[in-house]
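J.: Before I ask anything, let me first share the structure, which is written out below as C-alpha coordinates.
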Amino acid sequence: MKQNTPESNDSYELFAKNPLVAGLKEEQVRALFSISQELTVNKGEYLMREGDPANEMFIIMEGSLEVIKYDIKYKQDYVIHTLHAGDSVGELALLDTGPRSASVRATTFTCLRKLYFTDIHEITSQDTAINSIFFKLSRNISQRLRCTTDVARDALEKQVDEYKTRVAMGNFVVNVIIALCLIAFGLDGLKYAMSIAPTSSYVTLPLTLVLLSFIYFLMKTSNLPWSAFGFTFTNLKRSVYEGIGFTCIIMVLIVGLKWVLIHYVPAYAGRSLIEPYALFKNPADHTIEMWLTLLAIYGLFISPLQELMARGALQGLLEQFLASEHKVLLSIIASNLIFSTAHLFMSSQIGVYVFVGGLYLGWLYSRTHNLVGVWVAHWLLGSWALSVVGL
(Lines give C-alpha, C1' and ligand atoms only; values in the text may rest on other atoms or scores of the structure.)
Protein backbone atom coordinates (compact mmCIF):
# COMPACT_ATOMS: atom_id res chain seq x y z
CA MET A 1 0.00 0.00 0.00
CA LYS A 2 1.40 3.35 -1.02
CA GLN A 3 0.23 6.84 -0.05
CA ASN A 4 0.89 9.54 -2.64
CA THR A 5 1.23 13.19 -1.69
CA PRO A 6 1.17 15.11 -5.01
CA GLU A 7 -2.37 15.84 -6.18
CA SER A 8 -3.24 16.24 -9.86
CA ASN A 9 -6.17 17.74 -11.76
CA ASP A 10 -6.98 14.26 -13.02
CA SER A 11 -7.39 13.04 -9.45
CA TYR A 12 -9.77 15.87 -8.65
CA GLU A 13 -11.85 15.28 -11.79
CA LEU A 14 -12.27 11.61 -10.90
CA PHE A 15 -13.17 12.54 -7.33
CA ALA A 16 -15.75 15.11 -8.48
CA LYS A 17 -17.50 12.48 -10.63
CA ASN A 18 -18.02 10.17 -7.66
CA PRO A 19 -21.74 9.64 -6.81
CA LEU A 20 -20.96 10.34 -3.16
CA VAL A 21 -20.33 14.04 -3.85
CA ALA A 22 -22.95 14.43 -6.58
CA GLY A 23 -25.16 17.47 -5.94
CA LEU A 24 -22.58 19.37 -3.91
CA LYS A 25 -21.23 22.73 -5.01
CA GLU A 26 -17.75 22.85 -6.49
CA GLU A 27 -16.27 24.55 -3.43
CA GLN A 28 -17.78 21.86 -1.20
CA VAL A 29 -16.36 19.12 -3.43
CA ARG A 30 -12.96 20.83 -3.33
CA ALA A 31 -13.20 21.06 0.45
CA LEU A 32 -13.77 17.31 0.71
CA PHE A 33 -11.03 16.65 -1.84
CA SER A 34 -8.60 18.78 0.16
CA ILE A 35 -8.98 16.57 3.24
CA SER A 36 -8.57 13.35 1.22
CA GLN A 37 -5.32 11.61 0.40
CA GLU A 38 -4.46 9.46 -2.62
CA LEU A 39 -3.64 5.84 -1.91
CA THR A 40 -2.68 2.96 -4.21
CA VAL A 41 -2.99 -0.75 -3.46
CA ASN A 42 -1.34 -3.50 -5.49
CA LYS A 43 -3.18 -6.63 -6.61
CA GLY A 44 -3.51 -9.13 -3.76
CA GLU A 45 -2.69 -6.54 -1.08
CA TYR A 46 -5.09 -5.97 1.81
CA LEU A 47 -6.56 -2.52 2.28
CA MET A 48 -8.00 -3.45 5.68
CA ARG A 49 -8.51 -6.57 7.78
CA GLU A 50 -11.50 -7.74 9.75
CA GLY A 51 -11.38 -6.61 13.39
CA ASP A 52 -8.91 -3.75 12.82
CA PRO A 53 -9.75 -0.35 14.35
CA ALA A 54 -11.49 1.93 11.85
CA ASN A 55 -10.42 5.56 11.49
CA GLU A 56 -10.98 6.25 7.80
CA MET A 57 -13.08 5.43 4.74
CA PHE A 58 -12.05 5.11 1.09
CA ILE A 59 -13.46 6.02 -2.31
CA ILE A 60 -12.35 3.83 -5.22
CA MET A 61 -11.10 5.94 -8.12
CA GLU A 62 -10.01 3.05 -10.34
CA GLY A 63 -9.50 -0.68 -9.96
CA SER A 64 -11.52 -3.17 -7.91
CA LEU A 65 -11.63 -4.63 -4.41
CA GLU A 66 -13.21 -7.75 -2.91
CA VAL A 67 -14.86 -7.83 0.51
CA ILE A 68 -13.93 -10.98 2.46
CA LYS A 69 -15.38 -12.65 5.56
CA TYR A 70 -13.34 -15.28 7.42
CA ASP A 71 -15.09 -18.45 8.60
CA ILE A 72 -13.50 -19.46 11.91
CA LYS A 73 -15.13 -22.92 11.91
CA TYR A 74 -13.83 -23.97 8.48
CA LYS A 75 -10.80 -21.63 8.50
CA GLN A 76 -11.63 -20.32 5.06
CA ASP A 77 -12.14 -16.92 3.42
CA TYR A 78 -15.39 -16.19 1.57
CA VAL A 79 -15.79 -13.35 -0.92
CA ILE A 80 -19.14 -11.71 -0.19
CA HIS A 81 -18.95 -8.66 -2.44
CA THR A 82 -16.87 -6.99 -5.14
CA LEU A 83 -16.41 -3.21 -5.35
CA HIS A 84 -15.44 -1.15 -8.39
CA ALA A 85 -14.57 2.43 -9.33
CA GLY A 86 -17.12 4.83 -7.86
CA ASP A 87 -17.87 2.66 -4.82
CA SER A 88 -16.91 3.54 -1.28
CA VAL A 89 -15.58 1.18 1.37
CA GLY A 90 -15.06 1.39 5.12
CA GLU A 91 -17.91 3.86 5.62
CA LEU A 92 -19.85 1.65 8.06
CA ALA A 93 -17.51 2.57 10.91
CA LEU A 94 -18.22 6.26 10.23
CA LEU A 95 -21.79 5.63 11.38
CA ASP A 96 -21.33 3.10 14.20
CA THR A 97 -17.65 3.70 15.20
CA GLY A 98 -17.08 -0.07 15.40
CA PRO A 99 -14.06 -2.08 14.14
CA ARG A 100 -13.77 -3.35 10.59
CA SER A 101 -16.55 -5.88 9.94
CA ALA A 102 -14.73 -7.53 7.00
CA SER A 103 -11.40 -7.64 5.21
CA VAL A 104 -10.88 -5.88 1.87
CA ARG A 105 -8.34 -7.03 -0.72
CA ALA A 106 -7.39 -5.58 -4.10
CA THR A 107 -8.15 -7.77 -7.13
CA THR A 108 -6.30 -5.37 -9.45
CA PHE A 109 -4.02 -2.38 -9.02
CA THR A 110 -6.37 0.07 -7.30
CA CYS A 111 -6.27 3.82 -6.72
CA LEU A 112 -8.33 5.28 -3.86
CA ARG A 113 -8.99 8.50 -1.94
CA LYS A 114 -8.72 8.17 1.84
CA LEU A 115 -10.80 10.37 4.16
CA TYR A 116 -10.28 10.35 7.92
CA PHE A 117 -13.45 10.33 10.01
CA THR A 118 -12.25 13.21 12.19
CA ASP A 119 -11.72 15.39 9.10
CA ILE A 120 -15.17 14.50 7.75
CA HIS A 121 -16.88 15.42 11.04
CA GLU A 122 -14.94 18.67 11.23
CA ILE A 123 -15.78 19.81 7.70
CA THR A 124 -19.46 18.85 7.98
CA SER A 125 -19.74 20.84 11.21
CA GLN A 126 -18.52 23.91 9.29
CA ASP A 127 -20.81 23.39 6.27
CA THR A 128 -24.03 21.51 7.04
CA ALA A 129 -24.79 21.09 3.30
CA ILE A 130 -22.00 18.53 3.12
CA ASN A 131 -24.01 16.39 5.55
CA SER A 132 -25.75 14.97 2.46
CA ILE A 133 -22.86 12.54 2.11
CA PHE A 134 -24.09 10.78 5.26
CA PHE A 135 -27.42 10.10 3.58
CA LYS A 136 -25.64 8.73 0.51
CA LEU A 137 -23.35 6.62 2.67
CA SER A 138 -26.41 5.18 4.42
CA ARG A 139 -27.94 4.36 1.05
CA ASN A 140 -24.72 2.62 -0.02
CA ILE A 141 -24.75 0.56 3.17
CA SER A 142 -28.41 -0.35 2.58
CA GLN A 143 -27.65 -1.53 -0.96
CA ARG A 144 -24.68 -3.53 0.28
CA LEU A 145 -26.87 -5.10 2.97
CA ARG A 146 -29.30 -6.22 0.27
CA CYS A 147 -26.42 -7.76 -1.64
CA THR A 148 -25.20 -9.53 1.52
CA THR A 149 -28.72 -10.89 2.07
CA ASP A 150 -28.70 -12.33 -1.46
CA VAL A 151 -25.31 -13.92 -0.81
CA ALA A 152 -26.59 -15.43 2.44
CA ARG A 153 -29.68 -16.79 0.65
CA ASP A 154 -27.53 -18.36 -2.06
CA ALA A 155 -25.29 -19.90 0.61
CA LEU A 156 -28.31 -21.40 2.40
CA GLU A 157 -29.65 -22.81 -0.87
CA LYS A 158 -26.23 -24.35 -1.53
CA GLN A 159 -26.21 -25.93 1.94
CA VAL A 160 -29.68 -27.41 1.36
CA ASP A 161 -28.56 -28.83 -2.00
CA GLU A 162 -25.43 -30.32 -0.40
CA TYR A 163 -27.56 -31.88 2.35
CA LYS A 164 -29.89 -33.45 -0.23
CA THR A 165 -26.86 -34.77 -2.12
CA ARG A 166 -25.44 -36.33 1.06
CA VAL A 167 -28.77 -38.03 1.79
CA ALA A 168 -29.02 -39.35 -1.78
CA MET A 169 -25.40 -40.54 -1.65
CA GLY A 170 -26.04 -42.36 1.63
CA ASN A 171 -29.07 -44.13 0.18
CA PHE A 172 -27.09 -45.01 -2.94
CA VAL A 173 -24.20 -46.57 -0.99
CA VAL A 174 -26.52 -48.58 1.28
CA ASN A 175 -28.57 -49.92 -1.63
CA VAL A 176 -25.47 -50.89 -3.63
CA ILE A 177 -24.05 -52.75 -0.61
CA ILE A 178 -27.35 -54.63 -0.20
CA ALA A 179 -27.41 -55.56 -3.90
CA LEU A 180 -23.81 -56.83 -3.87
CA CYS A 181 -24.47 -58.89 -0.74
CA LEU A 182 -27.56 -60.48 -2.32
CA ILE A 183 -25.54 -61.35 -5.43
CA ALA A 184 -22.80 -62.88 -3.26
CA PHE A 185 -25.35 -65.01 -1.35
CA GLY A 186 -26.96 -66.13 -4.61
CA LEU A 187 -23.66 -66.96 -6.31
CA ASP A 188 -24.04 -70.76 -6.06
CA GLY A 189 -27.56 -70.64 -7.47
CA LEU A 190 -26.44 -68.47 -10.38
CA LYS A 191 -23.55 -70.84 -11.15
CA TYR A 192 -25.96 -73.80 -11.18
CA ALA A 193 -28.32 -71.93 -13.52
CA MET A 194 -25.38 -71.21 -15.81
CA SER A 195 -24.47 -74.92 -15.90
CA ILE A 196 -27.91 -76.03 -17.14
CA ALA A 197 -28.79 -73.05 -19.39
CA PRO A 198 -28.20 -73.40 -23.17
CA THR A 199 -26.44 -70.01 -23.21
CA SER A 200 -25.52 -67.38 -20.64
CA SER A 201 -28.26 -65.08 -21.98
CA TYR A 202 -30.91 -67.29 -20.36
CA VAL A 203 -29.45 -66.31 -17.00
CA THR A 204 -28.14 -62.80 -17.64
CA LEU A 205 -31.41 -61.48 -19.10
CA PRO A 206 -33.60 -62.29 -16.03
CA LEU A 207 -30.78 -61.13 -13.75
CA THR A 208 -30.52 -57.91 -15.73
CA LEU A 209 -34.28 -57.30 -15.34
CA VAL A 210 -34.02 -57.81 -11.56
CA LEU A 211 -31.06 -55.45 -11.31
CA LEU A 212 -32.86 -52.98 -13.58
CA SER A 213 -35.76 -52.67 -11.12
CA PHE A 214 -33.21 -52.01 -8.37
CA ILE A 215 -31.43 -49.39 -10.51
CA TYR A 216 -34.75 -47.75 -11.40
CA PHE A 217 -35.42 -47.38 -7.67
CA LEU A 218 -32.02 -45.71 -7.23
CA MET A 219 -32.67 -43.26 -10.06
CA LYS A 220 -36.21 -42.48 -8.91
CA THR A 221 -35.14 -41.68 -5.35
CA SER A 222 -32.18 -39.53 -6.45
CA ASN A 223 -34.46 -36.62 -7.52
CA LEU A 224 -32.17 -36.00 -10.50
CA PRO A 225 -33.50 -35.29 -14.03
CA TRP A 226 -33.56 -38.18 -16.52
CA SER A 227 -30.93 -36.38 -18.59
CA ALA A 228 -28.47 -37.01 -15.73
CA PHE A 229 -28.74 -40.72 -16.56
CA GLY A 230 -28.16 -40.37 -20.31
CA PHE A 231 -31.80 -40.06 -21.43
CA THR A 232 -31.32 -37.02 -23.63
CA PHE A 233 -31.20 -35.96 -27.27
CA THR A 234 -28.14 -33.83 -26.52
CA ASN A 235 -25.03 -35.15 -28.32
CA LEU A 236 -27.13 -37.98 -29.83
CA LYS A 237 -25.47 -38.02 -33.26
CA ARG A 238 -22.00 -37.53 -31.82
CA SER A 239 -22.48 -40.40 -29.38
CA VAL A 240 -23.54 -42.77 -32.19
CA TYR A 241 -20.68 -41.73 -34.50
CA GLU A 242 -18.11 -42.10 -31.72
CA GLY A 243 -19.67 -45.36 -30.51
CA ILE A 244 -19.32 -46.93 -33.95
CA GLY A 245 -15.99 -45.33 -34.91
CA PHE A 246 -14.01 -46.05 -31.74
CA THR A 247 -15.53 -49.53 -31.35
CA CYS A 248 -14.48 -50.58 -34.87
CA ILE A 249 -10.88 -49.94 -33.82
CA ILE A 250 -11.37 -52.04 -30.66
CA MET A 251 -12.90 -54.85 -32.76
CA VAL A 252 -9.73 -55.06 -34.86
CA LEU A 253 -7.65 -55.19 -31.66
CA ILE A 254 -9.84 -58.04 -30.33
CA VAL A 255 -8.99 -60.14 -33.40
CA GLY A 256 -5.31 -59.45 -32.72
CA LEU A 257 -5.78 -60.44 -29.07
CA LYS A 258 -7.41 -63.73 -30.09
CA TRP A 259 -4.47 -64.47 -32.42
CA VAL A 260 -2.00 -63.85 -29.58
CA LEU A 261 -4.00 -66.12 -27.23
CA ILE A 262 -4.09 -68.93 -29.80
CA HIS A 263 -0.33 -68.83 -30.33
CA TYR A 264 0.87 -68.22 -26.77
CA VAL A 265 -1.79 -69.46 -24.31
CA PRO A 266 -2.14 -73.27 -24.06
CA ALA A 267 -5.86 -73.11 -23.24
CA TYR A 268 -6.52 -71.47 -26.63
CA ALA A 269 -4.21 -73.74 -28.65
CA GLY A 270 -5.88 -75.28 -31.70
CA ARG A 271 -8.89 -72.95 -31.65
CA SER A 272 -10.04 -71.03 -34.73
CA LEU A 273 -9.61 -67.28 -35.03
CA ILE A 274 -13.35 -66.90 -35.68
CA GLU A 275 -15.77 -68.95 -33.53
CA PRO A 276 -19.37 -67.70 -33.91
CA TYR A 277 -20.87 -70.56 -31.87
CA ALA A 278 -18.43 -70.46 -28.96
CA LEU A 279 -21.18 -69.46 -26.51
CA PHE A 280 -23.43 -72.45 -27.35
CA LYS A 281 -22.74 -75.55 -25.28
CA ASN A 282 -25.10 -77.85 -27.24
CA PRO A 283 -23.88 -78.59 -30.81
CA ALA A 284 -27.54 -78.80 -31.88
CA ASP A 285 -27.80 -75.05 -31.24
CA HIS A 286 -25.05 -74.27 -33.76
CA THR A 287 -27.49 -72.78 -36.27
CA ILE A 288 -27.75 -69.39 -37.90
CA GLU A 289 -31.26 -68.99 -36.44
CA MET A 290 -30.03 -69.45 -32.86
CA TRP A 291 -27.06 -67.21 -33.54
CA LEU A 292 -29.26 -64.37 -34.89
CA THR A 293 -31.72 -64.83 -32.02
CA LEU A 294 -28.90 -64.48 -29.51
CA LEU A 295 -27.61 -61.32 -31.23
CA ALA A 296 -31.12 -59.82 -31.25
CA ILE A 297 -31.68 -60.55 -27.54
CA TYR A 298 -28.23 -59.23 -26.69
CA GLY A 299 -28.61 -56.06 -28.75
CA LEU A 300 -32.23 -55.16 -28.04
CA PHE A 301 -32.48 -56.13 -24.38
CA ILE A 302 -29.26 -57.01 -22.58
CA SER A 303 -27.00 -54.26 -24.01
CA PRO A 304 -29.33 -51.27 -23.42
CA LEU A 305 -30.38 -52.50 -19.99
CA GLN A 306 -26.80 -53.12 -18.88
CA GLU A 307 -25.69 -49.72 -20.18
CA LEU A 308 -28.55 -48.08 -18.32
CA MET A 309 -27.35 -49.75 -15.13
CA ALA A 310 -23.58 -49.42 -15.50
CA ARG A 311 -23.25 -46.08 -17.27
CA GLY A 312 -26.54 -44.23 -16.86
CA ALA A 313 -27.27 -45.11 -13.23
CA LEU A 314 -24.05 -46.15 -11.46
CA GLN A 315 -21.57 -43.92 -13.32
CA GLY A 316 -24.13 -41.11 -13.65
CA LEU A 317 -24.95 -41.07 -9.94
CA LEU A 318 -21.31 -41.30 -8.89
CA GLU A 319 -20.41 -38.34 -11.13
CA GLN A 320 -23.16 -36.33 -9.42
CA PHE A 321 -22.11 -37.30 -5.90
CA LEU A 322 -18.31 -37.15 -6.10
CA ALA A 323 -16.60 -33.78 -5.58
CA SER A 324 -13.03 -34.71 -6.54
CA GLU A 325 -11.38 -33.12 -9.57
CA HIS A 326 -10.91 -36.71 -10.83
CA LYS A 327 -14.57 -37.59 -10.27
CA VAL A 328 -15.10 -38.76 -13.87
CA LEU A 329 -12.21 -41.25 -13.68
CA LEU A 330 -13.23 -42.41 -10.20
CA SER A 331 -16.86 -42.86 -11.26
CA ILE A 332 -15.79 -44.94 -14.29
CA ILE A 333 -13.57 -47.23 -12.18
CA ALA A 334 -16.02 -47.58 -9.27
CA SER A 335 -19.09 -48.21 -11.43
CA ASN A 336 -17.26 -50.89 -13.43
CA LEU A 337 -15.96 -52.60 -10.29
CA ILE A 338 -19.54 -52.80 -9.02
CA PHE A 339 -20.90 -53.97 -12.37
CA SER A 340 -18.16 -56.54 -13.05
CA THR A 341 -18.70 -58.00 -9.56
CA ALA A 342 -22.23 -58.92 -10.66
CA HIS A 343 -20.69 -61.07 -13.46
CA LEU A 344 -18.32 -63.13 -11.32
CA PHE A 345 -20.87 -65.96 -11.09
CA MET A 346 -20.15 -66.65 -14.79
CA SER A 347 -16.37 -66.80 -14.28
CA SER A 348 -13.56 -64.59 -13.07
CA GLN A 349 -12.44 -64.34 -16.70
CA ILE A 350 -15.80 -62.86 -17.73
CA GLY A 351 -15.60 -60.49 -14.75
CA VAL A 352 -12.24 -59.21 -16.00
CA TYR A 353 -13.57 -58.85 -19.57
CA VAL A 354 -16.57 -56.89 -18.29
CA PHE A 355 -14.35 -54.59 -16.22
CA VAL A 356 -11.85 -53.87 -19.01
CA GLY A 357 -14.58 -53.38 -21.61
CA GLY A 358 -16.51 -51.26 -19.13
CA LEU A 359 -13.56 -48.88 -18.74
CA TYR A 360 -13.73 -48.21 -22.48
CA LEU A 361 -17.53 -47.82 -22.45
CA GLY A 362 -17.34 -45.58 -19.37
CA TRP A 363 -14.81 -43.33 -21.10
CA LEU A 364 -17.02 -43.28 -24.20
CA TYR A 365 -20.08 -42.31 -22.12
CA SER A 366 -18.18 -39.56 -20.28
CA ARG A 367 -17.58 -37.79 -23.62
CA THR A 368 -21.28 -37.25 -24.44
CA HIS A 369 -23.37 -38.51 -21.48
CA ASN A 370 -25.79 -40.05 -23.98
CA LEU A 371 -26.79 -43.71 -23.60
CA VAL A 372 -27.48 -44.39 -27.28
CA GLY A 373 -23.82 -44.30 -28.31
CA VAL A 374 -22.63 -46.69 -25.58
CA TRP A 375 -25.61 -48.98 -26.24
CA VAL A 376 -24.53 -49.33 -29.89
CA ALA A 377 -20.87 -49.72 -28.84
CA HIS A 378 -21.78 -52.38 -26.26
CA TRP A 379 -23.82 -54.30 -28.83
CA LEU A 380 -21.02 -54.24 -31.39
CA LEU A 381 -18.26 -54.98 -28.88
CA GLY A 382 -20.03 -57.80 -27.04
CA SER A 383 -21.40 -59.46 -30.17
CA TRP A 384 -18.03 -59.32 -31.91
CA ALA A 385 -15.99 -60.53 -28.94
CA LEU A 386 -18.34 -63.31 -27.75
CA SER A 387 -20.42 -64.33 -30.77
CA VAL A 388 -18.02 -63.80 -33.68
CA VAL A 389 -14.41 -64.01 -32.51
CA GLY A 390 -15.37 -66.24 -29.59
CA LEU A 391 -13.14 -64.99 -26.79
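The values are calculated or read from the model by the stated rules, or taken from the named source; none is laboratory data. Just so we're clear, the structure is a prediction, and the values are computed from it rather than from any experiment. Because the Cβ atoms are built from the backbone with ideal geometry, glycine has one as well, and the counts that use them run over all protein chains shown.
J.: Assuming Thr97 fulfils every condition listed in (1) on the phi > 0 side of the Ramachandran plot; (2) more than 36 Å from the chain's Cα centre (by Cα); (3) free of Cβ contacts under 8 Å to residues at least 40 places away in the same chain apart from one, which condition is it?
T.: (3)
J.: Of everything in the range 257-283 that's assigned to a helix (DSSP H, G or I) and surrounded by fewer than 10 Cβ atoms within 10 Å (Cβ to Cβ), which residue is modelled with the lowest pLDDT?
T.: Checked the range 257-283; the qualifying residue modelled with the lowest pLDDT is Pro283.
J.: Restricting attention to the range 344-391, and to residues there that are touching a helix residue (DSSP H, G or I) at 6+ places or on another chain (Cβ under 7 Å) and without any contact (Cβ under 8 Å) to a residue 24 or more places away in the chain, which single residue is nearest to Gln306 (Cα to Cα)?
T.: Of everything passing the filter in the range 344-391, Val354 is nearest to Gln306 (Cα to Cα).
J.: For the range 99-127, how many residues meet the condition of being assigned to a loop (DSSP other than H, G, I, E, B) and at pLDDT 80 or above?
T.: So the count comes out to 7.
J.: Also, quick follow-up: Out of the residues in the range 62-76 that are assigned to a strand (DSSP E or B) and at pLDDT below 85, state the one that is surrounded by the most Cβ atoms within 10 Å (Cβ to Cβ).
T.: Tyr70
J.: On the given criteria, is Glu319 among the acidic types (Asp, Glu), on the phi < 0 side of the Ramachandran plot, in a helix (DSSP H, G or I) and within 14 Å of the chain's Cα centre (by Cα)?
T.: Here the answer is yes, as Glu319 does meet what is asked.
J.: I'd like the residue in the range 32-61 that is assigned to a strand (DSSP E or B) and among the hydroxyl-bearing types (Ser, Thr, Tyr) and, out of all such residues, is farthest from the chain's Cα centre (by Cα).
T.: Per the stated criteria, the residue is Ser36.
J.: Let me ask something else about it. I need the full set of residues from the range 3-18 which are surrounded by 12 or more Cβ atoms within 10 Å (Cβ to Cβ) and at pLDDT below 75, in order please.
T.: Passing the criteria: Asn4, Glu7.
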